[in-house]
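Asker: Please see the structure below; I have some questions.
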Amino acid sequence: MAVLIVVELLTLWFAIHTLSSVRALVGAEGLWSKAQKDAVYHLGKYYRTHNEEDYKAFQKFMSVPLGDHKTRLELLKEKPDMEIARKGFLEGRVHPNDIDGMISLLRRFHNVSYIKKAIGYWAEGDSLIAQLIPIGEKLHEEIGLSTSTEKLDQLIAAIDPLNERLTTLEDNFSYTLGEGSRWLENIILKILFAVALTVEITGLILTISVSRGITKGLNEINRATTKIAKGDLSARATVFSKDEIGRVADAVNQMTEKLILSNKELEQFAFIASHDLQEPLRKIQTFADLILEKEYNALSDKGREYFQRMQVAARRMKILIQDLLDYSRTGASEQKLEKADLTKIVNEVKNELEELIHEKKAVIETTNLGEANINPSQFRQVISNLTTNALKFSRPGVPPRITIKSTIAEGDKLQNENADLSGGSLSPNKNYCHLSFTDNGIGFDPQYKDKIFEVFQRLHDETNYSGTGIGLAIVKKIVEYHNGVITATAEVNKGARFDIYIPDPSTDSLRADST
């Protein structure tokens with residue numbers, strides 16, 4: 001392709017250069033013709049006025065065709081002197097930038113019928129215009145001798161026939177060059193078309209070949225990954241090449257090997273997922289990103305779709321693994337509760353999610369946030385997961401609005417006032433930090449108010465709302481490890497509310513005093 005493109009560019013350069021030389025040659029003929037006419041005019045004027053300046057003007061204008069004549073004679077030689085040829089054209093008032101192109105044109109195409117015919121007219125014109133020189137010299141001599149008018153009339157009468165014949169030759173020269181330029185233009189257009197067609201056909205063949213190779217590799221990867229997704233870990237992707245597609249196939253095979261090792265107990269799974277499994281996923285995503293970035297134009301539409309699907313799948317699997325790890329580790333260590341500032345935790349979450357909040361144009365309101373006896377690190381994840389969900393499951397065109405409130409609630413009153421808590425683990429003799437989290441998103445059907453806290457439960461269309469179905473399960477697990485309770489209420493397209501109740505021993509003394 002590179003060679004063909006270079007050939008096409010060279011052909012285009014040759015075409016422009018050659019046509020420019022033809023244009024310059026036509027221009028030189030115009031200068032030749034004009035100089036010849038001016039020479040005849042000043043010679044006639046000299047005949048009438050006997051003014052020496054007119055004779056000098058005649059000689060000056062005659063230098064133009066004489067200079068061109070010098071170039072023509074030099075170029076007829078087997079080994080012409082280029083300096084003499086250039087000098088002749090300079091005397092013919094040809095622009096210096098056009099001279100080399102004109103010389104190349106005359107030498108390269110001198111056997112082409114049009115150029116050969118034009119040079120013939122040029123030679124005939126040189127022979128005719130050469131006859132003007134002795135006429136002018138004789139006229140100059142006779143005027144100097146004060147010869148009779150009759151003799152001068154005889155001399156000047158010979159000019160008109162020469163001028164008429166020269167005019168005919170000049171016209172024929174121009175017409176011939178015009179025909180030649182049109183012929184050359186057609187030839188060049190055909191050459192350019194042939195080269196461009198060759199480039200396009202070659203490019204198409206290369207594209208089809210590369211596309212088929214990529215599609216073959218992607219289909220094999222898709223076949224293997226489909227079987228792997230269905231649980232057939234014996235499936236392997238055949239590696240057809242050592243390019244990026246082959247590397248992806250090899251990475252898929254490596255991933256499969258890692259998946260086989262992942263069928264162990266939860267602790268082993270956590271270790272493998274955090275180390276070995278994420279590494280090939282990063283490779284797949286990296287290779288997919290690189291291919292889409294570097295080889296985007298070389299991929300077929302189907303190929304791009306496959307890689308984009310692979311990117312999405314890799315990112316989703318990465319998030320899923322991280323969520324599973326978070327879920328498996330939540331509460332695994334001994335709880336270390338401490339008095340923590342809820343406002344500080346919410347602000348930290350807002351800073352972490354600042355970009356998403358800004359993108360969604362969300363508003364987060366906080367009311368009466370104080371302190372709670374919690375594990376700050378884990379509770380930060382509760383606030384983060386709930387906030388992320390509210391931002392993710394917002395209604396189209398409606399900026400998310402999130403309200404977070406905190407109050408102190410008594411266990412017995414909670415159980416009496418809220419039937420949802422009657423079977424919970426709340427003690428009527430304790431005070432609780434009640435944290436309510438309300439949003440104006442798409443909500444959910446109330447019949448799923450308990451199911452949403454189960455692992456991998458997804459109530460919404462994956463096409464419009466992505467997620468792993470683990471975030472709320474993590475929230476519930478953290479709350480329960482705090483010996484607390486979480487409930488959810490919602491309406492479709494009217495938002496959702498989550499109520500969290502965490503025991504707050506620091507306020508039990510206040511309850512006793514009031515009693």
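All of the numbers you see were taken from the coordinates with simple rules; none came from a lab. Source: prediction; values computed, not measured. Note: ideal-geometry Cβ built from the backbone for every residue, glycine included; neighbour counts use all protein chains shown.
Asker: May I ask you to list the lysines whose Cα is less than 28 Å away from that of K60, ignoring any residue fewer than eight positions away on the same chain?
Answerer: K34, K37, K45, K70, K77, K87, K138, K151
Asker: Which value in nm describes the separation of the simple spin-label points at D153 and K302, placed 7 Å from the Cα toward the beta carbon?
Answerer: Taking the two extended label points, one gets 9.7 nm.
Asker: OK, next. What does the charge add up to near S394, with Lys and Arg as +1, Asp and Glu as -1, over the other residues with Cβ less than 13 Å from its Cβ? List each step's numbers first, then the result.
Answerer: Working: positive: K360, K361, K392, R395, R401, K494; negative: E359, D439.
Taking every Cβ under 13 Å from that of S394, the sum is +4.
Asker: Same structure again: Run the quick spin-label model on N51 and S104: label points 7 Å from Cα toward the beta carbon, then report their separation in nm to one decimal.
Answerer: 4.5
Asker: For T207 and W183 in the same chain, what is the full-extension length gain: residue separation times 0.36 nm, less their Cα-Cα distance, in nm? Spell out each step's value before the answer.
Answerer: Values: separation 24, 0.36 × 24 = 8.64 nm, distance 3.56 nm.
Between T207 and W183, full extension yields an extra 5.1 nm.
Asker: Related question: Multiply the residue separation of N172 and V26 by 0.36 nm, subtract the distance between their alpha-carbon atoms, and state the gained length in nm to one decimal.
Answerer: On the way: separation 146, 0.36 × 146 = 52.56 nm, distance 1.18 nm.
Residue separation times 0.36 nm, minus the Cα-Cα distance, leaves 51.4 nm.
Asker: Further question: Residues of segment 53-68 with backbone nitrogen within less than 20 Å of a virtual label 7 Å along the Cα-to-Cβ line of L145, please, listed as ranges.
Answerer: Inside the label zone: 55.
Asker: Also, I was wondering about something else. Mind listing the long-range amide H neighbours of I408? Cut-off is under 5 Å, sequence gap 5 or more, other chains count too, H placed in the peptide plane at 1.01 Å from N.
Answerer: H434
Asker: Still on this structure: Can you give the extra length, in nm with one decimal, that the chain gains between A194 and K34 once fully stretched, where that is 0.36 nm per residue apart less the Cα-Cα distance? If you can, show how the numbers build up before the last one.
Answerer: On the way: separation 160, 0.36 × 160 = 57.60 nm, distance 4.06 nm.
Full-extension gain reported as 53.5 nm.
Asker: Sticking with this structure for a sec: Which aspartates and glutamates, on any chain, are close to K283 with Cα under 12 Å apart, when same-chain ones fewer than 8 places away are left out?
Answerer: E244, D250
Asker: Right, here's the next one. Step through the residues of segment 89-105 one at a time and calculate ³J(HN,Hα) from phi using the Karplus curve (6.51 cos²θ - 1.76 cosθ + 1.60, θ = phi - 60°), rounding each to whole Hz and writing x for Gly and Pro.
Answerer: Once θ is set to phi - 60°, the couplings for segment 89-105 become 5, 4, 5, x, 6, 6, 5, x, 6, 9, 5, 4, x, 5, 5, 4, 4 Hz.
Asker: Given labels modelled 7 Å from the Cα in the Cβ direction, how far is it in nm from V492 to V6?
Answerer: The answer from the label model is 6.7 nm.
Asker: Placing +1 at every Lys and Arg Cβ and -1 at every Asp and Glu Cβ, with all other atoms neutral, what dipole size does segment 2-199 have around its Cα centre, in debye to the nearest 20? Before the final figure, lay out the partial values.
Answerer: Details: 23 positive and 27 negative charges, 119 e Å.
With Lys and Arg at +1 and Asp and Glu at -1, about 580 debye.
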